[in-house]
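Note sheet for the following structure.
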Amino acid sequence: MLQKSLRISYLEGTEKPTDALLIIEKALNDMSKAADWPISLTMRANLILEELVLNTLTYGSVGGLTGIDIELQFQDNKLSVQIIDDGAEFNPLVDAPIPDTNLPLQDRAIGGLGVFLVKTMSQDLAYKRENNRNHLQFNVVSES
Amino acid sequence: MEFSHDRSDEILVINASGRVDGSNASDFLDTLQGLFEPGDQQIILDLGGLEYISSAGLRVLLMAAQNLDKDNKSFSICSLTDSVSDVFRISGFDQIIKVFPTVDAAKQG
């Protein structure tokens, strides 16, 4: 089994989330090389983590966010992810708008698309609020 | 990200490669908008070298597509990698933006 633990600290006033995204990209690239992941698994895992972490850095900060802890475990062609943060309560399963992906071009809005991609690309997504922290757990597998 | 472009016969072809995410999406938008000229009738975005796109990058493509559509310009995307194509399909962007396998196919419309 391949494991990695990441800590993304919230720094007030940081204009661009470059550091957080680099931490995610590097960890996934390291695991991808070590276990010879298909490109689609690396891409999906990266996208899901980016959307969730940027959401938390953007909206979680109102709740006194200090950081985000990410646990990654890869076994049997499946990446299991656990994300814990101490920001504002946010359950992506119910708190994000659901975009209508069938609307014509001029009626399309981008709101909610990130979380929609997360929900579509992940498996067994589960949320709980415990000890003033958001706990998210899900799995990512290669595109079938 | 890296960019190059070619303009001939009122057709602008832009090549964008690398990664577009939440850290550089605003630069992506600025670059695209800086390249558009009033005389361009057809704009083709060649994403053959794009390895990664998140919703931040999709937001840029949606804004560009909506603005060019309002101006009655033709806008299409071509040469998507499998990973980016996956994101396009799930988000329904392949239904609102014309996608072609090659630049030549995009020029034919």
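The values are calculated or read from the model by the stated rules, or taken from the named source; none is laboratory data. Remember, it's a predicted structure, so these values are computed and weren't measured experimentally. Cβ atoms come from the backbone with ideal geometry, glycine included; neighbour counts cover every protein chain shown. Side chains included, ligands, DNA and RNA excluded: accessible areas come from the protein's heavy atoms. Shrake-Rupley method; radii C 1.70, N 1.55, O 1.52, S 1.80 Å.
Side notes on the structure shown:
- Scan of the stretch A:16-28 for residues that are part of a helix (DSSP H, G or I), within 11 Å of chain B (Cβ to nearest Cβ) and either open to solvent by less than 40 Å² (accessible area, probe 1.4 Å) or closer than 14 Å to A:Ser5 by Cα (or both), ordered by number: A:Ala20, A:Leu21, A:Ile24, A:Glu25, A:Leu28
This table checks each residue for (1) surrounded by fewer than 16 Cβ atoms within 10 Å (Cβ to Cβ); (2) within 10 Å of chain B (Cβ to nearest Cβ); (3) free of Cβ contacts under 8 Å to residues at least 12 places away in the same chain.
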| residue | (1), (2), (3) |
| --- | --- |
| A:Gln75 | yes, no, no |
| A:Gln82 | yes, no, no |
| A:Gly87 | no, no, no |
| A:Asn91 | yes, no, no |
| A:Leu117 | no, yes, no |
| A:Ser122 | no, no, no |
| A:Glu130 | yes, no, yes |
| A:Asn139 | yes, no, no |
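- Candidates B:Asp21, B:Asp30: the one that is acidic (Asp, Glu), modelled with pLDDT of 95 or more and touching a Gly at 6+ places or on another chain (Cβ under 8 Å) is B:Asp21.
- In the stretch A:40-54, the count of residues that are within 14 Å of chain B (Cβ to nearest Cβ) and assigned to a loop (DSSP other than H, G, I, E, B) is zero.
Rundown of residues vs (1) out of contact with any strand residue (DSSP E or B) (no Cβ under 7 Å at 6 or more places or on another chain); (2) among the small types (Gly, Ala, Ser), yes/no style:
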{"site": "A:Ala34", "(1), (2)": "no, yes"}
{"site": "A:Ile39", "(1), (2)": "yes, no"}
{"site": "A:Arg44", "(1), (2)": "no, no"}
{"site": "A:Gly64", "(1), (2)": "yes, yes"}
{"site": "A:Asp85", "(1), (2)": "no, no"}
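- The helices (runs of 4 or more DSSP H) falling completely within chain B that include 3 or more residues that are within 12 Å of chain A (Cβ to nearest Cβ) and within 30 Å of A:Lys119 (Cα to Cα) map to B:25-35, B:55-70, B:82-91.
- Taking the stretch B:56-97 as the range and being closer than 19 Å to B:Leu29 by Cα, open to solvent by 10 Å² or more (accessible area, probe 1.4 Å) and among the hydroxyl-bearing types (Ser, Thr, Tyr) as the test, only B:Ser74 passes.
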